[in-house]
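In what follows, a single structure is set out as structure tokens and then discussed.
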Amino acid sequence: MFPDSSNFFSRLFFIVGLCALTLPHQAAAQSARNLPCGFGIPQEQGRLISAEYSAPCARYYAPYAIMAAGAYASVSDYEKERAAGRSGAEVAVIGLGARDEITDYAKTLMRGWSYRFGSEGYIQCLHDKDAAFPQDDACKKALPGRLKRFIGSYTGPAFNVWAHGRRSARCNEVSIVFRGTEKPGDFLSNFRGFTDWAADEGYHQLQRNIDAIIGRVTSLPCYRNASTQIVSVGHSLGAGLAEFSAFAPRPGPRIAKVFAFNPSPETGARLIDQVTLDRNVGKGESNALEVDIVYHPGEILEQVREYDQQFPLREHCFPLVRTVRFDVNKGRGLVSQHGIRGTGFFAYGIVKTSNEWGQPLSMPPEVSDCPTRYRRGVNPLVAAAPGQTIGGDSFERIARRGSRVRSYALRSAYAANSKVAKNRSRLHVNREIGTTAMLDRNFSQPDPAR
């Protein structure tokens, strides 16, 4: 008639005990979301942000990942959007796959960005192809013979240009976004070390025309020389072209930063004379070019970059090269982890991580011994690094709070970072960037990036 009191209390104690064990971990994981990207990583190691600590960076990288995936869409589709007075974000987001809550969220990350112009297909000289580009007589002088042009006509550096600005006639940032490998002819550019003697491949085409592209950027009505910075973006082959576009310009505005997603080891740097290359990476100055290599552990080019990476991956500074890992793809495999387009692939995973993380947290930490010309915090979606505000509060104030749960989370995150940092310090400096995700599995808290 009455319940067994001993059985009732034993169940009650079991439930209370279970809550006591699980709730602190859940609260700690939630509190850890207030930590900025790369928290606990020493300044000298700020060149490597592992997949354990990259999740707060997701919202920073997501718009560029969306643009990189969207670069595979036809330029004519973007031109139709522009002609209709729309931003082009709808076309870019199609690169994430079928519509769902993540693609809808992706559109909010593209607010303020608008497509301005683009090109695809073989390029001799852009001012011949499109009168809107500035004249560049140096391009015509650099044209190769007819046979090389004929073979090279099967490839070309396809790109889109986006501008970012809100409620103002000026744009604070312009992004040149290059398409990766899409057709067989693009392998003439991927393997230019073996083909450039016979073909006018994509790097040669871009070398002749990068000044015209930047000239067209500076002629945009929203461009302001003192306040608009130029960045370049790409995936795979497109990432190599994005790096090259930062190395190659002759005197004029320089690219401040490169966002290279799963990049090709080919950068085309051997085509550039040393004076031009030194100028563009910032040698002899106090402001270096910044290059972020953003990749998925295990993707097909990871080990290729480890053993065959051209300039500048192994440079200490000039340019500053930062490596950021995101372990976000559903599929496992060399090719599936390399892809950036479609549901569950790299761009989608970064956007999903941004959505799940829930706060517009931080950019990667600065590297104090290599100041760059890239102005941090231009994008208003990005809130904070240490010393700045996070959700209306400073990181220092969060760290000082006396809550046991928060203290537990901060201590756990710091301890995990220290452990991983010690493990990494045993690796040779030239092999550190090419390591797999094994060390990334040491973090004691759940990682929303997976």
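The values are calculated or read from the model by the stated rules, or taken from the named source; none is laboratory data. No experiment lies behind these values; they were computed from the predicted model shown. Here the Cβ is made from the backbone with ideal geometry for all residues, glycine too, and neighbour counts use every protein chain on show. Just so you know, the surface numbers come from the protein's heavy atoms only, side chains and all, with ligands and any DNA or RNA stripped out. Shrake-Rupley method; radii C 1.70, N 1.55, O 1.52, S 1.80 Å.
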* Just need a number here: residues in segment 135-147 that are touching a helix residue (DSSP H, G or I) at 6+ places or on another chain (Cβ under 6 Å) and open to solvent by 50 Å² or more (accessible area, probe 1.4 Å). => 2
* The one condition in (1) touching a helix residue (DSSP H, G or I) at 6+ places or on another chain (Cβ under 8 Å); (2) over 21 Å from residue 64 (Cα atoms); (3) part of a loop (DSSP other than H, G, I, E, B) that residue 180 fails to fulfil -> (2)
* Positions within segment 110-134 being over 28 Å from residue 194 (Cα atoms) and surrounded by 16 or more Cβ atoms within 10 Å (Cβ to Cβ), in sequence order -> 110, 112, 113, 114, 115, 116, 117, 118, 127, 133
* Between residues in segment 303-319 that are more than 20 Å from residue 237 (Cβ to Cβ) and of a type outside the set (Ser, Thr, Tyr) and residues that are at pLDDT below 75 and open to solvent by 20 Å² or more (accessible area, probe 1.4 Å), which pairs lie under 7 Å by C-beta distance while being six or more apart or on different chains? -> 314/430
* **Answer residue from segment 218-240, given it is open to solvent by 20 Å² or more (accessible area, probe 1.4 Å) and hydroxyl-bearing (Ser, Thr, Tyr) and is nearest to residue 170 (Cα to Cα) among those** => 223
* To do: Quick one: residue 175 ticks every box in (1) open to solvent by less than 20 Å² (accessible area, probe 1.4 Å); (2) within 25 Å of residue 291 (Cα to Cα); (3) touching an Asp or Glu at 6+ places or on another chain (Cβ under 7 Å) except a single one, so which number is it?
  => (3)
* Would you point out which residue out of 270, 322, 305 is surrounded by 20 or more Cβ atoms within 10 Å (Cβ to Cβ), out of contact with any helix residue (DSSP H, G or I) (no Cβ under 7 Å at 6 or more places or on another chain) and in a helix (DSSP H, G or I)? => 305
* Quick check, is residue 156 crowded, with 21+ Cβ neighbours inside 10 Å, over 27 Å from residue 63 (Cα atoms), in contact with a helix residue (DSSP H, G or I) (Cβ under 7 Å, 6 or more places away or on another chain) and among the small types (Gly, Ala, Ser)? -> no
* Structure fact -> Screening 129, 140, 148 for residues that are under 22 Å from residue 175 (Cβ atoms) and among the charged types (D, E, K, R) leaves only 129
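Condition check: basic (Lys, Arg), in contact with a strand residue (DSSP E or B) (Cβ under 6 Å, 6 or more places away or on another chain) and either modelled with pLDDT of 95 or more or more than 21 Å from residue 234 (Cα to Cα) (or both). Does residue 82 satisfy that?
yes
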* **Residue identified as closer than 20 Å to residue 47 by Cβ and open to solvent by 10 Å² or more (accessible area, probe 1.4 Å) among 243, 285** => 285
* Pick from segment 249-265, criterion surrounded by fewer than 24 Cβ atoms within 10 Å (Cβ to Cβ) and either aromatic (Phe, Trp, Tyr) or assigned to a loop (DSSP other than H, G, I, E, B) (or both), ranking: nearest to the chain's Cα centre (by Cα) -> 265
* If you go through segment 216-226 one residue at a time, do you hit one that is out of contact with any Pro (no Cβ under 9 Å at 6 or more places or on another chain), over 19 Å from residue 133 (Cα atoms) and at pLDDT below 90? -> yes
* Structure fact -> Over segment 159-172, the set of residues in contact with a Lys or Arg (Cβ under 7 Å, 6 or more places away or on another chain) and open to solvent by 10 Å² or more (accessible area, probe 1.4 Å) is 170
* **The lone exception for residue 106 - which of (1) at pLDDT 95 or above; (2) open to solvent by 30 Å² or more (accessible area, probe 1.4 Å) it fails** => (2)
* May I ask you to list the residues in segment 183-224 that are basic (Lys, Arg) and assigned to a helix (DSSP H, G or I)? => 192, 208, 216
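Listed here are the residues, each with its yes/no results for (1) modelled with pLDDT under 85; (2) not in a helix (DSSP H, G or I).
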site: 277; (1), (2): no, no
site: 280; (1), (2): no, no
site: 285; (1), (2): no, yes
site: 292; (1), (2): no, yes
site: 297; (1), (2): no, yes
site: 330; (1), (2): yes, yes
site: 336; (1), (2): yes, yes
site: 347; (1), (2): no, no
site: 361; (1), (2): yes, yes
* Output the number of residues of segment 219-272 satisfying the condition of being of a type outside the set (A, V, I, L, M, F, W, C) and within 17 Å of residue 163 (Cβ to Cβ). => 12
